Amino acid sequence: MCGIFAVVNDKTNQASQTVLEGLKKLEYRGYDSWGIAIKSAASKLEVEKHVGKIGEAKTSLPEGSLAIGHTRWATHGGVTDANAHPHLDCTGKLAIIHNGIVENYLEFKEDLIKKGHKFSSETDTETVAHLIEEKIKRLPLEKAVFETFNLLVGSNAIGVIDMETETIIACRNGSPLAVGVDEANQQFFLGSDVTAFLKYTNSVHFLEDGEAVVMSRSGVKLYDVKSGKEKPLTLQKLDWKLEDAEKSGYPHFLLKEIMEQKETIAKTAALNETEIIKISESIRNGDKVVLLGCGTASYCALAGKYFLAQAGIESQAYGGYEFLPFSGFANDKTVVIAISQSGETADTLIAARAAKKAGARIVSIVNARGSTLERLSETVLSVGAGPEIAVVSTKAFTAQLATLYLLAKACANKYDEGKQRIKNFKEILDRWMNQDLTDRLIELAKNLIDQEHAYLIGKHLNYPAALEFALKIKETAYIHAEPFAAGELKHGVITLIQKGTPCFVLASNDDVKGEILSSAAELKARGGKIIGIAPFRSEEFEEAVQTPDLGELTVIPNIIVGQFLGYFLGVGRGADPDKPRNLAKSVTVK
Ligand code: M6R
């Protein structure tokens with residue numbers, strides 16, 4: 001949570017504009033407030049901070065070529081201008097931006113106040129600025145920053161701008177940071193995510209935990225924060241393109257990313273084959289399988305459990321946040337499949353680390369590049385969906401689901417068959433995701449626009465599909481959408497159904513089709529308005545959206561209907577589909 005961006009040697013000398021643009025790309029990480037600090041020609045640090053989303057904001061900061069900026073998801077201290085980053089030290093010569101939580105900041109704050117430091121915010125971050133200010137009295141800047149950072153407990157990334165040395169120093173422990181080098185123009189960038197500076201360079205170093213960069217006018221140097229020793233900076237060229245991080249004519253990233261699934265799902269068939277076969281062999285040879293993830297990724301884990309069961313493999317699926325009581329059961333015969341778009345979700349990382357400690361082999365299914373989860377995994381299945389900017393996950397989820405399906409098929413010794421079926425998605429989705437479909441869904445969204453509650457049922461693979469479908473409606477349209485396993489209905493839930501209550505029924509042409517239709521009939525008998533999402537028609541459905549009949553993979557188009565519907569409902573209800581209220585894309589705190 002929170003986005004960090006910085007530039008050194010901005011060639012336009014409009015570093016505040018460059019930072020503002022970069023922050024717009026990072027806003028998905030938090031949008032409670034934003035702020036920029038720039039070294040102006042007057043040899044001052046000038047700071048501008050505002051509550052709220054960046055949107056079309058402009059900055060009135062003066063010219064300059066060295067600046068840092070931040071977009072905040074509040075943890076310590078309310079959403080106010082004063083609590084927005086950057087935070088200055090007492091001298092006003094040093095400013096700091098921060099992503100994470102300094103768990104022990106209170107240990108230092110009182111002492112700093114006694115020493116005469118004046119605090120202007122309620123944040124943990126400001127403490128770090130004053131700590132550096134204290135240390136700088138007896139140490140060079142780099143050492144002062146490194147020593148301070150070594151004192152901090154928690155997952156943190158900081159960026160510090162120093163006016164006097166014209167330097168930006170950044171340190172990482174648990175929260176992501178990447179540095180970008182534009183060799184041709186000698187411009188240097190820092191970002192929580194590469195999308196923020198992809199426009200200028202694709203030459204990147206992802207910082208490891210315990211690494212720091214010192215970005216000066218003359219170049220970028222990499223250090224080990226603990227020892228203070230310099231290390232070689234290794235840059236890699238990313239294959240991501242600028243268009244991947246742009247809306248490309250779509251009104252919102254969410255819609256663009258839903259549409260991109262025409263390519264991204266099929267693309268997974270061309271990735272990770274060797275690794276998938278290897279993992280499937282150890283699973284077949286008796287390794288226990290545990291699937292982990294949070295939010296959407298946890299529903300992916302649950303769907304994976306059904307796919308694996310179809311391949312004759314027993315597995316367990318957990319939300320990362322509930323795994324610790326069970327982590328002790330993992331051992332060196334356990335394969336933990338950790339699923340995460342960002343690879344930075346705190347609860348997933350904690351769970352994966354605990355399993356690793358117990359001896360398990362960690363396989364991660366991730367989308368973003370250079371993440372912490374990738375680094376702690378023995379095997380990485382990178383799903384290649386490209387940057388997912390909208391806070392609500394869509395294309396990363398379906399690419400992860402397709403990857404799990406391929407793994408299950410490999411476990412059943414049917415990898416090639418699975419690969420072909422995933423490859424076919426390109427053509428199938430090209431045909432199905434057309435104007436007729438979106439017109440139909442807009443019409444359905446109009447009929448549902450004033451509803452405050454909806455219920456969903458699914459059985460077997462359509463159960464995790466219902467969970468994910470419901471989350472899309474909740475996140476994007478702020479409608480209370482409650483999903484259930486169809487079998488649960490008669491055990492209490494059915495009391496909630498009244499005349500006209502929207503009830504989505506997710507179904508496939510499978511061996512439980514009859515049962516789910518009976519559940520639909522029961523809901524209908526209580527007055528529920530039944531909306532069928534299925535590859536067939538049924539007289540139980542009052543409204544219906546027909547999906548392609550893809551056997552067990554029908555759940556993918558069934559979920560895509562939920563993504564579209566969430567989007568259209570969200571837009572219709574005046575929500576911001578790319579940045580739903582209270583959410584951040586990467587939940588990097590526990
Ligand atoms: O980056 P991750 O996949 O680990 O993120 C996990 C969840 O935070 C994420 O899926 C969240 O539920 C999204 N809001 C879903 O749209």
### Message
Can you compute log10 of I(q)/I(0) for region 402-496 with the Debye formula, treating each Cα as one identical point scatterer, at q = 0.12 Å⁻¹?
### Response
-0.59
### Query
Cα to Cα, under 12 Å, and not fewer than 8 places away if on the same chain: which aspartates and glutamates meet these conditions relative to K115?
E133, E134
### Message
If each residue of separation counts as 0.36 nm, what is the full-extension length gain between A57 and H480 once their alpha-carbon separation is subtracted?
### Response
149.1 nm
#### Entry: Two-site FRET efficiency, L271 against Q310, from Cβ-Cβ distance with R₀ of 22 Å, rounded to 0.05
0.55
### Task
Give the Kirkwood hydrodynamic radius (Å, one decimal) of the chain, defined as one over the mean of 1/r across all pairs of different Cα atoms.
25.0 Å
### Where GluC sites (Glu not before Pro) fall in DSSP loop in region 77-113, at most 15 other Cβ within 10 Å
E103
#### Entry: Förster radius 30 Å - calculated FRET efficiency between L151 and F329, Cβ distance, rounded to 0.05
0.25
### Query
With axes computed from alpha carbons, what is the tilt in degrees of helix 435-448 against the longest principal axis of the chain, rounded to the nearest 10 within 0 to 90?
90 degrees
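Let me make sure I get this right: for region 3-244, a, b and c are the square roots of the gyration tensor eigenvalues over alpha carbons, sorted descending. Under 1.5 in a/c it's rounded, otherwise prolate if a/b > b/c, else oblate. Which is it?
Verdict is rounded for region 3-244.
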## Note on the structure
Quotient of Cα radius of gyration and Kirkwood radius for region 434-577, i.e. Rg/Rh, equals 0.93
### Task
Would you give the gap between the C-alpha center of region 192-224 and the C-alpha center of region 1-73, rounded to a whole Å?
17 Å
#### Entry: Entries of K53/K135; K143/K585; K109/K226 with Cα pairs more than 25 Å apart
K53/K135; K143/K585
### Task
Multiply the residue separation of E378 and K247 by 0.36 nm, subtract the distance between their alpha-carbon atoms, and state the gained length in nm to one decimal.
43.7 nm
### Query
Ranked highest first by average number of other Cβ atoms within 10 Å, how do 463-476, 169-182, 249-262 line up?
463-476, 169-182, 249-262
### Task
Any of K11/K221; K490/K513; K267/K409; K278/K419; K419/K474 with alpha carbons more than 22 Å apart? Name them for me.
K419/K474
### Task
Starting at the first residue of region 231-237, write each ³J(HN,Hα) from the Karplus equation 6.51 cos²θ - 1.76 cosθ + 1.60 with θ = phi - 60°, in whole Hz, x for Gly and Pro.
10, x, 8, 9, 9, 10, 8
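For region 289-366, which chymotrypsin sites (Phe, Trp or Tyr not before Pro) are in a loop by DSSP, counting at most 16 other Cβ atoms within 10 Å?
Those that pass, being in a loop and sparsely packed, are F329.
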### Contact order normalised by residue count of the chain, Cα under 8 Å, 6+ apart, percent
11 percent
### Message
Multiplying the sequence separation of I449 and K278 by 0.36 nm and subtracting their Cα-Cα distance, what value in nm do you get?
### Response
56.8 nm
### Summary
Computed over the chain: longest principal axis from alpha-carbon atoms vs helix 513-525 long axis, angle to nearest 10 degrees, is 90 degrees
### Task
Using the Cα centre as the reference, give the magnitude of the dipole from point charges on the C-beta atoms of the chain (Lys, Arg: +1; Asp, Glu: -1; all else neutral), rounded to the nearest 20 debye.
420 debye
### Message
Output the 0 to 90 degree angle, nearest 10, between the alpha-carbon long axis of helix 273-284 and the longest principal axis computed from the alpha carbons of the chain.
### Response
70 degrees
### Task
Give the residues of region 198-224 whose amide nitrogen is closer than 20 Å to a point set 7 Å from the Cα of K143 in the direction of its Cβ.
211-216, 221-224
### Task
Please label the shape of region 247-433 as rounded, prolate or oblate, based on the square roots a ≥ b ≥ c of the eigenvalues of the alpha-carbon gyration tensor (a/c under 1.5 means rounded; beyond that, a/b larger than b/c means prolate, else oblate).
oblate
### Message
Suppose R0 equals 41 Å. What FRET efficiency, 1/(1 + (r/R0)^6) with r the Cβ-Cβ distance, do D111 and Q186 give to the nearest 0.05?
### Response
0.50
### Task
Using only alpha carbon pairs under 8 Å that are at least six residues apart, calculate the relative contact order of region 3-244 and give it in whole percent.
19 percent
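Laboratory data are not the source of any read-out in this text; all were calculated from the coordinates shown. Everything numeric in this text was worked out from a predicted model, so none of it was measured. Reconstructed Cβ throughout: ideal geometry from the backbone, glycine too, with neighbour counts over all protein chains shown.
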